[in-house]
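Presented below is the structure to which this report refers.
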Amino acid sequence: MINERMYQLGSQPNMIRKLYAYGLDRKAEVGEENVFDYSIGNPSIPAPAAVRARIEELLEEPAEQLHAYTMSPGLQSARQAVADNLRERFGIEATFDKVYLTAGATAALYISVAAITHPGDEVIVNAPYFAEYKVMTESAGCTLVEVPMRSSDFQLDIDALRQAITKKTAAMVINSPNNPVGCIYTQENIEALAALLIEKEQEYGHPIYLISDEPYREITYGADVPFTANFYDDTIVCYSWAKSLSLPGERIGYVYVNNRMQDADNVFAAVCGAGRALGFICAPVMFQRVIETCIKEPTNVDAYAENRKILCSMLDELGYEYIPPDGAFYLWVKALEEDDDAFSEAAKAHDLLLVPASCFGGHGWVRASYCIGPESIKNSRKAWVALKKDYS
Ligand code: PLP
């Protein structure tokens with residue numbers, strides 16, 4: 001008999017994928033230029049030329065060598081490149097033996113949660129949040145506890161988090177720069193969080209791990225992104241090159257267990273165990289090799305900054321309310337009615353594809369992914385105008 005939960009997960013793809021699929025059908029029907037697809041976070045800029053050059057170079061190697069398995073956590077040289085990069089950029093004494101290469105941030109998150117929780121534990125997330133957090137938490141037999149971010153500035157609400165932490169809290173997930181809001185938690189905010197977690201660890205006598213999900217780390221518009229592991233020892237970093245190097249389909253990222261963690265060796269062993277138990281061993285090998293040499297390639301943030309400018313000034317002019325994003329490539333726009341699902345449907349009628357907040361454990365807002373061509377953003381003006389008119 002099939003597993004009912006898996007059946008539900010598989011037969012009801014999340015709203016983002018549904019909207020994206022709808023957009024593809026609509027484009028075939030009415031023409032690509034007439035559909036304004038702000039649904040999915042697929043980078044619109046190409047991967048750096050160095051990635052292609054590296055792949056071409058690798059293809060010269062004997063195939064049996066190139067495509068061979070690596071050790072489960074990845075090639076030592078690629079893990080070393082990650083550790084060196086973390087040390088150079090953030091001054092942390094990272095070592096390769098605390099780096100586990102994964103098939104993207106998703107695998108990194110599943111591995112991390114499985115490694116440090118037991119069924120019945122609680123995992124805190126800050127709402128709105130990336131929808132897969134719920135699936136990964138429940139897959140580990142844990143309960144997701146949602147704590148809204150501060151509505152005034154979309155920072156972590158330390159007082160609310162204090163109320164939410166219990167003796168069952170095993171972990172908290174944070175994501176900065178944030179999907180879907182685009183906010184970046186300030187150093188002051190991260191320091192306050194670290195102080196709270198330390199206090200609660202002492203009170204309950206067990207670690208509370210902070211899983212820092214950082215696929216948008218390099219996509220910022222001026223604000224600094226504090227490196228969480230420098231502020232809280234019990235941090236596990238989950239990273240992906242999906243967005244920074246525009247490689248979402250290649251599935252490459254990592255788990256980094258903070259070297260400063262008291263039981264870092266054991267946690268890393270559990271990470272390896274979780275990788276094994278979940279089948280996430282030996283991340284795609286070609287891209288381990290690509291990362292090894294391309295890790296310092298800069299992210300082309302200019303293209304997203306330009307899109308952000310075009311979209312924000314258009315919405316300013318049309319009188320929409322939104323949260324000015326400090327990072328990532330998402331705009332959190334206030335829905336023109338309480339029911340964000342209905343608002344998203346109303347937008348869809350104008351071929352304007354916006355993801356309702358309900359997808360992210362929020363309500364009353366929609367998310368617009370502006371990692372699309374600037375022309376499409378400009379051309380979407382008429383759809384935004386028509387949508388506004390529906391509510392006037
Ligand atoms: N975490 C967040 C916040 C994301 O937005 C995404 C992807 O959009 C992921 C994790 C998953 O990244 P990956 O594609 O590397 O699995």
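The values are calculated or read from the model by the stated rules, or taken from the named source; none is laboratory data. These numbers come from a predicted model, not from an experiment. All Cβ positions, glycine included, derive from the backbone under ideal geometry; neighbour counts span all protein chains shown.
Structure notes:
- Residues (touching a strand residue (DSSP E or B) at 6+ places or on another chain (Cβ under 7 Å) and either farther than 18 Å from Pro128 by Cβ or at pLDDT below 95 (or both)) located in the stretch 363-378: Ile372, Ser376
- The set of residues in the stretch 156-167 that are assigned to a loop (DSSP other than H, G, I, E, B) and either out of contact with any Phe, Trp or Tyr (no Cβ under 9 Å at 6 or more places or on another chain) or surrounded by 20 or more Cβ atoms within 10 Å (Cβ to Cβ) (or both) comprises Leu156, Asp157, Ile165.
- Against the numbered list (1) modelled with pLDDT of 95 or more; (2) assigned by TED's automatic domain parsing to the domain that holds Thr186, Ala223 comes up short only at (1).
- Yes/no for Ala303 being within 17 Å of Ala105 (Cα to Cα), in a helix (DSSP H, G or I) and in contact (Cβ under 8 Å) with a residue 12 or more places away in the chain: no
- Filtered residues of the stretch 218-243 (kept if touching a residue at least 40 places away in the same chain (Cβ under 8 Å), part of a loop (DSSP other than H, G, I, E, B) and either within 11 Å of the ligand (Cβ to nearest atom) or farther than 15 Å from Gln187 by Cα (or both)): Glu218, Ile219, Tyr221, Trp241, Ala242, Lys243
- Qualifying residue in the stretch 285-294 (condition: under 12 Å from Gly104 (Cα atoms), part of a loop (DSSP other than H, G, I, E, B) and modelled with pLDDT of 95 or more): no
- Within the stretch 172-193, the set of residues being in a helix (DSSP H, G or I) and touching a helix residue (DSSP H, G or I) at 6+ places or on another chain (Cβ under 8 Å) comprises Asn189, Ile190, Ala192, Leu193.
Yes/no per residue for (1) within 12 Å of the ligand (Cβ to nearest atom); (2) touching a strand residue (DSSP E or B) at 6+ places or on another chain (Cβ under 7 Å); (3) closer than 30 Å to Asn14 by Cα:
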residue: Gln76; (1), (2), (3): no, no, no
residue: Leu86; (1), (2), (3): no, yes, no
residue: Arg89; (1), (2), (3): no, no, no
residue: Ala94; (1), (2), (3): no, yes, no
residue: Tyr100; (1), (2), (3): no, yes, yes
residue: Tyr110; (1), (2), (3): yes, no, yes
residue: Ile116; (1), (2), (3): no, yes, yes
residue: Pro119; (1), (2), (3): no, no, yes
residue: Phe130; (1), (2), (3): yes, yes, yes
